[in-house]
Amino acid sequence: MKNHLLFLVPALGAVLVAATGSTACTTRVVTIDNTDGGASSGLLGDGTSNGGTRTDAGPRKDGGSSGSSGTSGTSGTSGTSGSSGTSGTCPSMDPIDATTFPWKPPSKTIGACTQADLNALIAAVDGNADPSTWKNTIPSTTCRSCVFGPDGTTWTPLVENAAGELAILNVGGCIAIASGKEACGKGYQQWRDCYLEACMDCDPDDPNAFQTCVQKANAAGGACKTAVDSVVTACGGDAAVTAAETKCDGAKYIFEGPIKAQCIGGIP
C-alpha cells in the first residue's frame, strides 16, 4: 500500500543553522512516496537495501498498536481504557555510517529535455500521486531516458530499480555538478540517505515531526552529525554547500534542479 505525501524538508544549510539554535529556516517541497512491506521505491523516503542497491523508500514502522479498551466494570462503573502502544524512536540516535550508502556520478545529456518537458512532469506529479504514471507524461522519449534510468555506472536524476520503479532521487548528482566536486555530491547524497534512515520511525502523516527529526539527527550527538561534517569538508565549507544547494533548488519540487542540471541546460 502506498502513501504519497508532500513533506517540507530542510536543505543542509538550514539544518546547520537550526542545529546552532537559530530560528531561521528555509525549506523545500519534495515528493515522498512511502510503502509498507519490504524494500520498494519512491522519490524520497525511508531506504532499505534491495539487492544491494539502497532505494529511497521502504517500510515505515508503525508506532505500535493501540491498547485494547478496558472491560466494563461491575455495579455500573466503567472499565479503564487500554494503554496506547509505544512509538518508535524519532530520530534514531544510533550513529549511522553514511559512507555505506551507494553513490554513482551523474549522467549528463544537455539538451535532451526542454522546460516544457519538465513542466509536463511537474503537472503530472501535481495531478497524480502514483509515481508509476509520471514517466510517460514527458512528451519526448529522449528526455524520458535522460530523466529516468536504471542503476548503472551513472545515475540519472530519477533512478529506477530492476522492476522499473522509482528508487532514488539523485540530488547529489546536481550538487556534484553545481559544486564541481564529485566528492561533494557523493557526501550530500549519503547525508540525505542518513537522515532518512535516522527518521524512519517518524509519523509519516506529520511533516513537522519529520522536519524536527532531521534537525535532531544532524545536530551534535545525532546519528548523522558525522555525515553533515563530511559534506561540509568535501564541499569546501558551509558557504560552498549553500551555494550548490541554491543552484539546485527547484521552484516547486526538488527534482527540478537535477533535471535542469543533467538534461536541460545545465546550471550556472
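Worth a mention:
- Protection proxy ranking for 251-257, 192-198, 96-102, using the average of other Cβ atoms within 10 Å per residue and placing the highest first: 192-198, 251-257, 96-102.
- Charge dipole (segment 118-268, unit charges on Cβ, about Cα centre) - positive-most of A223, A261, V125: A261
- Cα gyration tensor shape of segment 110-156, rounded if a/c is under 1.5, else prolate or oblate by comparing a/b with b/c: oblate
- Restraint check, K104/K225; K186/K252; K108/K225, Cα-Cα greater than 27 Å: K108/K225
- Protection-proxy order for peptides 120-126, 151-157, each taking the mean of Cβ atoms within 10 Å per residue, highest first: 151-157, 120-126
- Dipole magnitude for segment 119-268: about 560 debye, using +1 per Lys or Arg Cβ and -1 per Asp or Glu Cβ, origin at the Cα centre.
- Amide H contacts of I254 (H built 1.01 Å from N, in plane; Pro and chain starts excluded): T31 sit under 5 Å, all sequence-distant by 5 or more or on other chains.
- Taking the Kirkwood radius as Rh and the Cα radius of gyration as Rg, segment 84-232 has a ratio of Rg/Rh equal to 1.02.
- Simple spin-label estimate for S140 and T89 in nanometres, 7 Å along Cα-Cβ: 4.8 nm
Read the figures in this text as sums done on the coordinates, not as results from a lab. A quick note: this is a predicted structure, and the numbers were derived from the prediction, not measured. Ideal geometry is used to build each Cβ from the backbone, glycine not excepted, and the neighbour counts take in all protein chains shown.
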